[in-house]
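S.K.: Structure provided below as C-alpha cells; questions to follow.
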Amino acid sequence: MLNHPSHIIAEEQTEIIRQFAPAAEKAGRLAPEQLRIVYTNNWFNLFVPVRFGGMGLSLPDALKLEEAIAWADGSLGWTVTLCSGANWFIGFLPDETRGQFFSGKQVCLAGSGQATGVATRIPGGFEVTGNWKFATGSTHATAFTANCYIERDGLGEMDEEGQPVIRSFIFLPEEVQVVRSWNTIGMVATASHGFMVNSLEVPSNRSFCISSATAVLKDPIYQYPFLQLAETTLIVNLSGMVLRFLELGAAMLGPSSTAFEQNALQLAEFQQKRESFFLAVEESWIRSQDSQDAMVLAPQDHLMAVSSAARMLFDQAMGAVDSCYLLYGLGAADPATEINRVWRNIHTASQHKLFRWADT
C-alpha cells in the first residue's frame, strides 16, 4: 500500500505551499516562501548524487516525493519535477562544466526538450541560434538547457543510421533572452516561458548527449532510459493533482449523497491504477540494478510495462476528473477556489506532449 502524500511532506510545509499558491498564480511565478521550502529541502536536486550536494534519490522514491509536492500544489510540483529533471543532466556533463554550473546551493536548470535550435560547428565549439518554448522555472533558473540540430559547413550532420544529429547545450542566464509567452488557464506559477539565443558562441564542453552510453556519472539513475524517466516523473504530477482534486470534491459533497458515493468509486478506481503504476516502476527499477550493462539495465518488457501503467493511470485520472467535476456544482467553477485552480492545473498539465500517446 502506498503512503498518502501527507505522510511524505511535513504538514506545516504543505500549509505554507498552499497558503501562497493564490499569490503565486497572480504573480505568474512561484512565491519566495514556496521557493524557500524547495531550497531548504533540496528538491531541485532529487537526482543529483549526494557527493555533489544532491539528494541522490532512487527513481521510486523521487516519484513519490514529486507526487506529494504536486498534491500540495500543482505548479510547485511541476516546477520541481521539470527543474530536477533538467538538473539530472549533471550525469552527462564534463567535469569542468559540472563544477561551473553546480557550485551553488540554489542550482535550478530550466529548459526545453524540443530540438528547435541549430548549432553550427566552429573552432572550439558551436555557434547556436534557436527559439525554445516552455522552459518551466524560467524566472529563477540559474542556467538553461536546449536541444539543437548540428550543422557543419551549412549541412546537417547525420549519424550512422542516417538520422539528424541532435545535441544538448547549457547556457548561462545572461546568454539567453526569456520570451514571456506562457499564457494558460492553469500551471500559471510555473513561469514556463520560452527563451532564445542568436549566434551565441558556446564552448564544446557545454554540449552533451543524453544516453546511458554517454553518461559521465555511472549512478543507476543515469542508466535508466530517458523516455520512461520522463513519462514517470510527469504522470506522478498529474496523479498528485488528481488525488487532491478528488479529495477536495469529496469535502464539498454530503457523505450520504449519491454523488459522494460516485466520487468515492472514482477515487478507489484511481487508487488502484496509481498503485499498479508504482508497482511497475518499482519492478523496473529493481531490474535495472541487476546488471551494469547499460543495454540490459531495464529489459524492454519492463519498460513497456512502465509506459503502459503510466498511460492507464493517465486515462483513469482524466476520466475521474471529468466525470466528478459534474458532481461538484458551481463551487468548482469559481476561479478563486482551490478546487478550480487544481482543475485548471490538471487540464493544462494534461496537454504535455508526452501524454499524447495516440500520436506515437
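S.K.: Can you give me the number of residues within region 157-191 that are assigned to a loop (DSSP other than H, G, I, E, B) and either among the small types (Gly, Ala, Ser) or on the phi > 0 side of the Ramachandran plot (or both)? Walk me through how you get there before you give the answer.
M.R.: Narrowing region 157-191 to residues assigned to a loop (DSSP other than H, G, I, E, B): 157, 159-163, 165, 172, 176, 180-187, 191.
Retained after the next criterion (residues that are either among the small types (Gly, Ala, Ser) or on the phi > 0 side of the Ramachandran plot (or both)): 162, 181, 186-187, 191.
Looking only at that region, the number is 5.
S.K.: Looking only at region 157-169, count how many residues are open to solvent by 40 Å² or more (accessible area, probe 1.4 Å) and within 17 Å of Glu201 (Cβ to Cβ). Break it down into steps so the answer makes sense when it comes.
M.R.: Start the filter on region 157-169 by keeping residues that are open to solvent by 40 Å² or more (accessible area, probe 1.4 Å), which leaves 158-164, 166-167.
With within 17 Å of Glu201 (Cβ to Cβ) added as a condition, the list becomes 167.
Total meeting the criteria: 1.
S.K.: Same structure again: Those residues that are hydrophobic (A, V, I, L, M, F, W, C) and crowded, with 24+ Cβ neighbours inside 10 Å, I need them from region 243-262; list them, please.
M.R.: If the condition is that a residue be hydrophobic (A, V, I, L, M, F, W, C) and crowded, with 24+ Cβ neighbours inside 10 Å, then Phe245 is the only one that fits.
S.K.: Return a yes/no flag: does region 222-230 have any residue that is without any contact (Cβ under 8 Å) to a residue 24 or more places away in the chain, open to solvent by 20 Å² or more (accessible area, probe 1.4 Å), under 20 Å from the mean Cα position of the chain (by Cα) and under 22 Å from Arg356 (Cα atoms). So that I can check it myself, show each step before the final result.
M.R.: Applying the first criterion (without any contact (Cβ under 8 Å) to a residue 24 or more places away in the chain) to region 222-230 yields 226.
From what's left, open to solvent by 20 Å² or more (accessible area, probe 1.4 Å): 226.
Now narrow it down to the ones that are under 20 Å from the mean Cα position of the chain (by Cα): 226.
Now restrict to residues that are under 22 Å from Arg356 (Cα atoms): 226.
Checking region 222-230: at least one residue is without any contact (Cβ under 8 Å) to a residue 24 or more places away in the chain, open to solvent by 20 Å² or more (accessible area, probe 1.4 Å), under 20 Å from the mean Cα position of the chain (by Cα) and under 22 Å from Arg356 (Cα atoms).
S.K.: What residue, of Gly240, Gly194, is touching a Pro at 6+ places or on another chain (Cβ under 7 Å) and either buried (at least 18 other Cβ atoms within 10 Å of the Cβ) or part of a strand (DSSP E or B) (or both)? Before the answer, list the steps.
M.R.: Values: Gly194 fails: touching a Pro at 6+ places or on another chain (Cβ under 7 Å).
Of Gly240, Gly194, the one residue that is touching a Pro at 6+ places or on another chain (Cβ under 7 Å) and either buried (at least 18 other Cβ atoms within 10 Å of the Cβ) or part of a strand (DSSP E or B) (or both) is Gly240.
S.K.: Which condition number does Thr40 fail, the rest of (1) without any contact (Cβ under 8 Å) to a residue 24 or more places away in the chain; (2) of a type in the set (Ser, Thr, Tyr); (3) crowded, with 17+ Cβ neighbours inside 10 Å being met?
M.R.: All conditions pass for Thr40, except number (3).
S.K.: Could we say that Glu201 is assigned to a helix (DSSP H, G or I) and either modelled with pLDDT under 95 or not polar (S, T, N, Q) (or both) here? Steps first, please.
M.R.: Values: assigned to a helix (DSSP H, G or I): no; either modelled with pLDDT under 95 or not polar (S, T, N, Q) (or both): yes.
Criteria not met by Glu201.
S.K.: Would you check which residues across region 102-132 are of a type outside the set (Gly, Ala, Ser), in contact with a helix residue (DSSP H, G or I) (Cβ under 8 Å, 6 or more places away or on another chain) and either over 30 Å from Pro49 (Cα atoms) or not in a strand (DSSP E or B) (or both) and list them? Break it down stepwise before answering.
M.R.: Taking region 102-132 and keeping what is of a type outside the set (Gly, Ala, Ser), we get 102, 105-109, 114, 116, 118, 120-123, 126-129, 131-132.
Filter again for in contact with a helix residue (DSSP H, G or I) (Cβ under 8 Å, 6 or more places away or on another chain), leaving 102, 105-109, 126.
Selection gives Phe102, Lys105, Gln106, Val107, Cys108.
S.K.: Do you know which of the residues in region 133-144 that are out of contact with any Phe, Trp or Tyr (no Cβ under 6 Å at 6 or more places or on another chain) and not in a loop (DSSP other than H, G, I, E, B) is surrounded by the most Cβ atoms within 10 Å (Cβ to Cβ)? Walk me through how you get there before you give the answer.
M.R.: To start, the set of residues in region 133-144 that are out of contact with any Phe, Trp or Tyr (no Cβ under 6 Å at 6 or more places or on another chain) comprises 133-134, 136-142.
From the residues that got through so far, the ones that are not in a loop (DSSP other than H, G, I, E, B) too are 133-134.
Values: Lys133: 15, Phe134: 21.
This residue is Phe134.
S.K.: Residues of region 77-106 being within 16 Å of the chain's Cα centre (by Cα) and either within 25 Å of Ile17 (Cβ to Cβ) or without any contact (Cβ under 8 Å) to a residue 12 or more places away in the chain (or both), which ones?
M.R.: Gly77, Trp78, Thr79, Val80, Thr81, Leu82, Cys83, Ser84, Gly85, Ala86, Asn87, Trp88
S.K.: Can you find even one residue in region 50-63 that is under 20 Å from Met241 (Cβ atoms), surrounded by fewer than 20 Cβ atoms within 10 Å (Cβ to Cβ) and in contact (Cβ under 8 Å) with a residue 60 or more places away in the chain?
M.R.: There is at least one residue in region 50-63 that is under 20 Å from Met241 (Cβ atoms), surrounded by fewer than 20 Cβ atoms within 10 Å (Cβ to Cβ) and in contact (Cβ under 8 Å) with a residue 60 or more places away in the chain.
S.K.: Further question: Pairs needed: first member in region 158-180, free of Cβ contacts under 8 Å to residues at least 60 places away in the same chain and within 20 Å of Asn198 (Cβ to Cβ); second member anywhere, assigned to a loop (DSSP other than H, G, I, E, B) and open to solvent by less than 50 Å² (accessible area, probe 1.4 Å); C-beta distance under 7 Å; at least 6 residues apart or different chains.
M.R.: So the pair list comes out as Arg167/Cys209; Pro173/Ala141; Val178/Ser138.
S.K.: Among (1) more than 16 Å from the chain's Cα centre (by Cα); (2) on the phi > 0 side of the Ramachandran plot; (3) open to solvent by less than 50 Å² (accessible area, probe 1.4 Å), there is one condition Gly154 misses while meeting the rest; what is its number?
M.R.: Only one criterion is unmet by Gly154, namely (3).
S.K.: Still on this structure: Let me confirm something: among Thr214, Thr190, which residue is at pLDDT 95 or above and either within 30 Å of Ala305 (Cβ to Cβ) or not charged (D, E, K, R) (or both)?
M.R.: Values: Thr214 fails: at pLDDT 95 or above.
Unique residue meeting the criteria: Thr190.
S.K.: Looking at this structure, is Thr120 of a type in the set (Val, Ile, Thr) and under 12 Å from the mean Cα position of the chain (by Cα)?
M.R.: no
S.K.: Starting from residues that are part of a helix (DSSP H, G or I) and among the small types (Gly, Ala, Ser), keep the ones in region 243-273 and report whichever is farthest from Asp73 (Cα to Cα).
M.R.: Taking region 243-273 as the starting set, the residues that turn out to be part of a helix (DSSP H, G or I) are 243-252, 258-273.
Those left that are additionally among the small types (Gly, Ala, Ser): 249-251, 259, 264, 268.
Working: Gly249: 16, Ala250: 18, Ala251: 18, Ala259: 25, Ala264: 22, Ala268: 22 Å.
The extreme case among them is Ala259.
S.K.: Only one of Leu93, Leu57, Leu76 is of a type in the set (A, V, I, L, M), touching a strand residue (DSSP E or B) at 6+ places or on another chain (Cβ under 8 Å) and modelled with pLDDT of 95 or more. Can you tell me which? Talk me through it step by step, then tell me what you get.
M.R.: Details: Leu57 fails: touching a strand residue (DSSP E or B) at 6+ places or on another chain (Cβ under 8 Å); Leu76 fails: touching a strand residue (DSSP E or B) at 6+ places or on another chain (Cβ under 8 Å).
Unique residue meeting the criteria: Leu93.
The values are calculated or read from the model by the stated rules, or taken from the named source; none is laboratory data. Given the structure is predicted, the values throughout are model-derived calculations rather than measurements. Backbone-built Cβ (ideal geometry, glycine too); neighbour counts: all protein chains shown. We work out accessible area using only protein heavy atoms, side chains counted, and drop any ligands, DNA or RNA first. Shrake-Rupley method; radii C 1.70, N 1.55, O 1.52, S 1.80 Å.
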